[in-house]
1. Answer yes or no as to whether residue 57 is open to solvent by 80 Å² or more (accessible area, probe 1.4 Å), at positive phi, assigned to a loop (DSSP other than H, G, I, E, B) and out of contact with any Gly (no Cβ under 6 Å at 6 or more places or on another chain).
2. Cβ contacts < 6 Å: first residue more than 18 Å from residue 87 (Cβ to Cβ), restricted to segment 49-75; second residue open to solvent by less than 60 Å² (accessible area, probe 1.4 Å) and part of a loop (DSSP other than H, G, I, E, B), any location; separation 6+ or different chain. Result?
3. May I ask you to list the residues in segment 116-174 that are surrounded by 12 or more Cβ atoms within 10 Å (Cβ to Cβ), part of a strand (DSSP E or B) and hydrophobic (A, V, I, L, M, F, W, C)?
4. Considering segment 122-174 alone, what residues qualify as being of a type in the set (Lys, Arg) and closer than 26 Å to residue 51 by Cβ?
5. Of the conditions (1) among the β-branched types (Val, Ile, Thr); (2) at pLDDT below 90; (3) part of a strand (DSSP E or B); (4) open to solvent by 80 Å² or more (accessible area, probe 1.4 Å), residue 106 clears all except one; give me its number.
6. What number of residues in segment 62-92 are farther than 23 Å from residue 30 by Cα and of a type outside the set (A, V, I, L, M, F, W, C)?
7. Of the numbered conditions (1) free of Cβ contacts under 8 Å to residues at least 60 places away in the same chain; (2) charged (D, E, K, R); (3) surrounded by 10 or more Cβ atoms within 10 Å (Cβ to Cβ), residue 29 satisfies every one except a single condition; which is it?
8. Out of segment 65-102, which residues are surrounded by 18 or more Cβ atoms within 10 Å (Cβ to Cβ), among the aromatic types (Phe, Trp, Tyr) and within 15 Å of residue 36 (Cβ to Cβ)?
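The values are calculated or read from the model by the stated rules, or taken from the named source; none is laboratory data. Bear in mind that the values here come from a model prediction, so they are computed numbers and not experimental data. Ideal geometry is used to build each Cβ from the backbone, glycine not excepted, and the neighbour counts take in all protein chains shown. Heads up: the accessible areas ignore ligands, DNA and RNA and are worked out on the full protein's heavy atoms, side chains in. Shrake-Rupley method; radii C 1.70, N 1.55, O 1.52, S 1.80 Å.
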Amino acid sequence: PVGTNIVICNATDTSSNTATCSFRVTVRDVESPTLTCPGDIVIDGSNGICTPVATYNPAVVDNCPNAVVNCVPPSGTTFASGTNRVVCTVTDSGGNMNWCAFSVIVRLQPLNVTPLQSQTRCADETATFTTSATGSGPLTFRWFKNGSAVSGPTNGSLVLSNLTAADSGTYSVL
């Protein structure tokens, strides 16, 4: 193994005479491990992923066991939209190091939304506000009246039935 090792030699001749000696052998690991990173990873938001996570495991080859790999950011990280650089290092038991790098490229689909249409309705009528959105999902909607959240629907439609004066206001959706 790597380090200072004591070797003991015993000798016996045909007359059963014995002799023993010992000496030290120092084994040094001066060979750096090799580290192979994956190619660039592209995550495309068309599958509805809004918080894209990338997993990876660089390949290590070393002449001694127990080499330790460290990637920054680590595998399993959520990545922001755009190009994100990942740097991995490996250190073996002899203190030898190597490194590699690659990119995680996140391409989220743009969000397209149809605007709400203004409406004028009379008492006891129904007002239906509808919007639609396309892009990375799943998509949820939050409806507001005069800036305050409206309890209820989380889809693209808000239906107000049997309108009264209390229903008048500015409606919006996020």
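1. No, not satisfied.
2. 50/136; 52/79; 62/33; 62/92; 64/29; 64/92
3. Once the filter is applied, which keeps residues that are surrounded by 12 or more Cβ atoms within 10 Å (Cβ to Cβ), part of a strand (DSSP E or B) and hydrophobic (A, V, I, L, M, F, W, C), segment 116-174 yields 127, 129, 133, 143, 144, 158, 160, 173.
4. 142
5. If we test residue 106 against (1) among the β-branched types (Val, Ile, Thr); (2) at pLDDT below 90; (3) part of a strand (DSSP E or B); (4) open to solvent by 80 Å² or more (accessible area, probe 1.4 Å), just (4) comes out false.
6. Residues flagged as farther than 23 Å from residue 30 by Cα and of a type outside the set (A, V, I, L, M, F, W, C) within segment 62-92 amount to 11.
7. Single failed check for residue 29: (1).
8. 102
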